[in-house]
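Just below is one structure, and these are the notes that go with it.
The values are calculated or read from the model by the stated rules, or taken from the named source; none is laboratory data. Keep in mind it's a predicted model, so treat the numbers as computed, not measured. No Cβ is skipped: glycine too gets one built from the backbone with ideal geometry, and neighbour counts run over all protein chains shown. Accessible surface is based on the protein model in full, side chains and every heavy atom, while ligands, DNA and RNA are left aside. Shrake-Rupley method; radii C 1.70, N 1.55, O 1.52, S 1.80 Å.
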2 protein chains.
Amino acid sequence: MAEAPDIVAFDVLGTIVDWHTGVTEHLRETFARRDLDTDPAAFAVAWRGRYLPALRRVNDGDRPWASLDTLHRESLDALLDEHGIGSRLDESDRRRLVGTWHRLPAWPDSAELITRLKRRSTVVALSNGSFALLVSLAKAAGLPFDGIISAEFTHTYKPAPEPYAKAAELLEVDPGEILLVAAHGWDLAGAASAGLRTAFLERPDEYGPGERTERSTDATCGLAAASAAELARRLGC
Amino acid sequence: MAEAPDIVAFDVLGTIVDWHTGVTEHLRETFARRDLDTDPAAFAVAWRGRYLPALRRVNDGDRPWASLDTLHRESLDALLDEHGIGSRLDESDRRRLVGTWHRLPAWPDSAELITRLKRRSTVVALSNGSFALLVSLAKAAGLPFDGIISAEFTHTYKPAPEPYAKAAELLEVDPGEILLVAAHGWDLAGAASAGLRTAFLERPDEYGPGERTERSTDATCGLAAASAAELARRLGC
């Protein structure tokens, strides 16, 4: 059993909330209202597919800082054009779809996992979402984080070292006193480079039931758990 | 009845937590252990008395940014010397006393007030305490803020405009969509200057039972409530 860390920092999008279900549902409603037969689940995956390349352009200095909402809006606009449906969605449709990322369902075990870990550790969100997005998500889904730390505080995105280092600075601990929990190897690798402990938490349905995603058996470093219950158990909570 | 605001931002030290009781208790224990007859309640008031002048030196540029812990430590060291007991408290005593400000009791109605307001509004802490101090306070006292915003994010202290403006920026709202609740006129005046709405919440025992403090009848702007229950009622919660 691993020792319960002083601080547990959770990635949010994919790890704590189910963006695929939430975004697909809003796309389905929008496409239906606009009489479009575009597949909303596939569109959601394509939209999320633009995420890492967009972060990389900011981190590489190819463009100035832009919030995740701005990046989501740009990739939405581009994808709609690529699907030949750019003329069918108006400004208010697009704003509402970008806002979808502020109101996503949590995985069914997320709130309980946070609550259990809070008995022994300080539990924070550490995410690339904006502070406003994270506050809104946590409130809507009833996620009782002890604090919310956004990559926005550093104007860089994970997996650059700054957001992880900022978490340690703000919490006044050494990086090694923080355990980052995420469902994505790229995030865990960034955290490990910044000196954090890491735990992979498998979210097999992140891209929809039966779709390929990262598995705990692929994790290359730190603790790896196939479920929230296993993670809590292995942390002694 | 005032309309429930989108965002309620609470001052914390004095407004949500009872620093006087918490700090006095720790001073009493320390002084007793060191066999000192210094009055802990008066010492707590004197320590807090150094707070606003210390913030002002940072805001006026008379010294570089320093965290509230650093300011508390400096004023503690100075006060101990002035009381002629500097040689009686060692480094670990002093560290523990500064840490006291991270673990203070909440006023008995604070958690319920936050919980009630959360039904209609997003409720955040907006305080001069460091992020780590605020996370620790909120966790220890069970204060379910939706988010925590520290003046540390701006390297200036309330009542300078930056921390209030930062809250609006991070929450992606106009300043006028935030209601700042505080037990101190200087904080409300700063908030009003930055364009926030304000509410005075009376905490008659802030400096100990029967000691002089600000009253709701002294409030010069915005809403003024003589109790948490009155504040919630007047906000329709």
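In table form, for the structure just shown:
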item	result
Of the criteria (1) facing chain A (nearest Cβ under 9 Å); (2) of a type outside the set (S, T, N, Q); (3) within 20 Å of residue A:120 (Cβ to Cβ), which one residue B:137 fails	(1)
Segment B:69-88 residues that are in contact (Cβ under 8 Å) with a residue 60 or more places away in the chain, paired with ones that are open to solvent by less than 20 Å² (accessible area, probe 1.4 Å) and part of a helix (DSSP H, G or I) (beta carbon under 9 Å, 6 or more apart)	B:69/B:98; B:69/B:99; B:69/B:101; B:69/B:132; B:69/B:133
Residue that is least open to solvent (accessible area, probe 1.4 Å), among those in segment A:24-52 that are over 18 Å from residue A:81 (Cβ atoms) and among the small types (Gly, Ala, Ser)	A:41
Test: residue in segment B:28-41 that is outside the structural domain of residue B:204 (by TED's automatic domain parsing), within 24 Å of residue B:131 (Cα to Cα), touching a residue at least 12 places away in the same chain (Cβ under 8 Å) and in a helix (DSSP H, G or I)	no
Residue within segment A:222-230 that is open to solvent by less than 10 Å² (accessible area, probe 1.4 Å), outside the structural domain of residue A:45 (by TED's automatic domain parsing) and either over 22 Å from residue A:152 (Cα atoms) or of a type in the set (A, V, I, L, M, F, W, C) (or both) present	yes
Segment B:151-179 residues that are over 19 Å from residue B:68 (Cα atoms) and of a type in the set (A, V, I, L, M), paired with ones that are assigned to a strand (DSSP E or B) and open to solvent by 40 Å² or more (accessible area, probe 1.4 Å) (beta carbon under 9 Å, 6 or more apart)	B:178/B:197; B:179/B:197
For residue A:193: the one exception among (1) buried (at least 21 other Cβ atoms within 10 Å of the Cβ); (2) among the polar types (S, T, N, Q); (3) away from chain B (no Cβ under 13 Å)	(1)
Given (1) touching a Pro at 6+ places or on another chain (Cβ under 8 Å); (2) within 13 Å of chain B (Cβ to nearest Cβ); (3) under 30 Å from residue A:27 (Cβ atoms), index of the condition residue A:102 fails	(1)
Residue tally, condition within 9 Å of chain B (Cβ to nearest Cβ) and more than 14 Å from the chain's Cα centre (by Cα), over segment A:140-158	5
Entirely in segment B:122-227, the helices (runs of 4 or more DSSP H) that have 2 or more residues that are closer than 21 Å to residue A:151 by Cβ and at pLDDT 95 or above	B:131-141, B:161-171
Subset of segment B:204-221 that is of a type outside the set (A, V, I, L, M) and closer than 29 Å to residue B:169 by Cα - its residue that is surrounded by the most Cβ atoms within 10 Å (Cβ to Cβ)	B:221
Segment A:86-114 - residue that is of a type in the set (S, T, N, Q) and open to solvent by less than 20 Å² (accessible area, probe 1.4 Å) and, of those, nearest to residue A:72 (Cα to Cα)	A:100
Lone unmet requirement of (1) of a type in the set (A, V, I, L, M, F, W, C); (2) within 13 Å of another protein chain (Cβ to nearest Cβ); (3) open to solvent by less than 10 Å² (accessible area, probe 1.4 Å) for residue A:171	(3)
Qualifying residue in segment B:121-133 (condition: within 8 Å of chain A (Cβ to nearest Cβ), in contact (Cβ under 8 Å) with a residue 60 or more places away in the chain, under 24 Å from residue B:231 (Cβ atoms) and not polar (S, T, N, Q))	yes
Out of B:195, B:185, sole residue that is closer than 23 Å to residue B:129 by Cα and either basic (Lys, Arg) or more than 18 Å from the chain's Cα centre (by Cα) (or both)	B:195
Residue in segment B:174-182 that is over 18 Å from residue B:7 (Cα atoms), out of contact with any His (no Cβ under 8 Å at 6 or more places or on another chain) and crowded, with 16+ Cβ neighbours inside 10 Å present	no
Residue A:69, sole failed condition from (1) in a loop (DSSP other than H, G, I, E, B); (2) closer than 30 Å to residue A:169 by Cα	(1)
